[in-house]
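Trainee: Take a look at the following structure, please.
Laboratory data are not the source of any read-out in this text; all were calculated from the coordinates shown. Everything numeric in this text was worked out from a predicted model, so none of it was measured. Note that each Cβ is placed from the backbone with ideal geometry, even for glycine, and that neighbours are counted across all protein chains shown.
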Amino acid sequence: ILSKDSVTVAVDAVVYFRISNATVSVTNVEDAARSTKLLAQTTLRNILGTKTLTEMLSDREAISLQMQITLDEATEPWGVKVERVEVKDVRLPIQLQRAMAAEAEAAREARAKVIVAEGEQKASRALKEAAEVIAESPSALQLRYLQTLNSISAEKNSTIIFPLPIDLLSSFFHRATPKVMTKTHSS
C-alpha cells in the first residue's frame, strides 16, 4: 500500500463479520464472504492512501474504526454485519527500517552533543567566575594553591615536586631577613 507521503508498506488487517440476513445475502451478492474480503482490501488501500506513515503507525485504532464504519455501511445491503476491524501489522521495507534507525541514531547523537556543549558552556562560565574572584583577591589564588598542594599530598605518590611562587615566599623573606651586626676591631 502506498501512503500519502509515498512510502510503500505492507499491512495486515482482520475483518470480523457475520451474515445478518441470509436471504438478503443470497439474493443480493453471489459470494458474501469473498465480496466482503475484496471490499475490505480496497477500503484499506483507500483509507491508508490518505494517511502518512506516521499516522499509520500511531492511529491504528482510528483507522480500524473508520474501516469498520465504511465496510458496515457498504455491506449492509448484502445482509452482512461487520462487527470489528483490526489493523494487525504495518511492515516497512528493510531499507526504510535501516534509514529510520540511522535517522534516530543521528538524532540521539545530536542531542548528546547538545548536552555536552551545554555542560562545557556551564563549566566555562564557572571557570570565568572563579577567575574573576581570583583576580579580585590575590590571596584567593594562594589559598587555592595551598588546597591543591593538600590534595596532591593525599595521593600515594612517592615524590612530589612543585614550584612555589615567589609571591608566596616573599612574605617569609621579609620577615626572616637577618640583621647584620658590625664589630669594630681595635688594635
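Trainee: Could you check region 50-87 and list, in sequence order, the residues that are of a type outside the set (S, T, N, Q), outside any helix (DSSP H, G or I) and under 22 Å from Asp5 (Cβ atoms)?
Mentor: The initial filter retains those residues of region 50-87 that are of a type outside the set (S, T, N, Q), namely 51, 53, 55-57, 59-63, 65, 67, 69, 71-74, 76-87.
Next, only the ones that are outside any helix (DSSP H, G or I) stay: 51, 59, 79-87.
Passing the criteria: Lys51, Asp59, Val87.
Trainee: Taking only pairs six or more apart or across chains, which ones have beta-carbon atoms under 7 Å, a first residue in region 83-110 that is within 30 Å of Tyr16 (Cα to Cα), and a second residue that is in a helix (DSSP H, G or I) and of a type in the set (D, E, K, R)?
Mentor: If the second residue must be in a helix (DSSP H, G or I) and of a type in the set (D, E, K, R), the pairs left are Val87/Arg60.
Trainee: When the residues of region 45-64 are filtered to those that are among the aliphatic types (A, V, I, L, M) and surrounded by 15 or more Cβ atoms within 10 Å (Cβ to Cβ), which remaining residue is farthest from Val14 (Cα to Cα)? Please lay out each step first, then the result.
Mentor: Start the filter on region 45-64 by keeping residues that are among the aliphatic types (A, V, I, L, M), which leaves 47-48, 53, 56-57, 62-63.
This time we only want the ones that are surrounded by 15 or more Cβ atoms within 10 Å (Cβ to Cβ), so: 47-48, 53, 56, 63.
Details: Ile47: 15, Leu48: 15, Leu53: 20, Met56: 16, Ile63: 12 Å.
Per the stated criteria, the residue is Leu53.
Trainee: Right, something else. Would you confirm whether or not region 4-11 contains a residue that is closer than 20 Å to Asp89 by Cβ and touching a Gly at 6+ places or on another chain (Cβ under 9 Å)?
Mentor: yes
Conditions (1) surrounded by 11 or more Cβ atoms within 10 Å (Cβ to Cβ); (2) touching a residue at least 40 places away in the same chain (Cβ under 8 Å); (3) not basic (Lys, Arg), marked per residue:
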| position | (1), (2), (3) |
| --- | --- |
| Ser3 | yes, yes, yes |
| Val7 | yes, yes, yes |
| Ala10 | no, yes, yes |
| Val14 | yes, yes, yes |
| Val29 | yes, yes, yes |
| Ala32 | yes, yes, yes |
| Ser35 | yes, yes, yes |
| Leu39 | yes, no, yes |
| Thr43 | yes, no, yes |
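Trainee: Here's another thing I want to ask about it. I'd like to check something: does region 101-119 contain any residue that is surrounded by 12 or more Cβ atoms within 10 Å (Cβ to Cβ) and assigned to a helix (DSSP H, G or I)? Walk me through it before giving the result.
Mentor: The initial filter retains those residues of region 101-119 that are surrounded by 12 or more Cβ atoms within 10 Å (Cβ to Cβ), namely none.
No: region 101-119 contains no residue that is surrounded by 12 or more Cβ atoms within 10 Å (Cβ to Cβ) and assigned to a helix (DSSP H, G or I).
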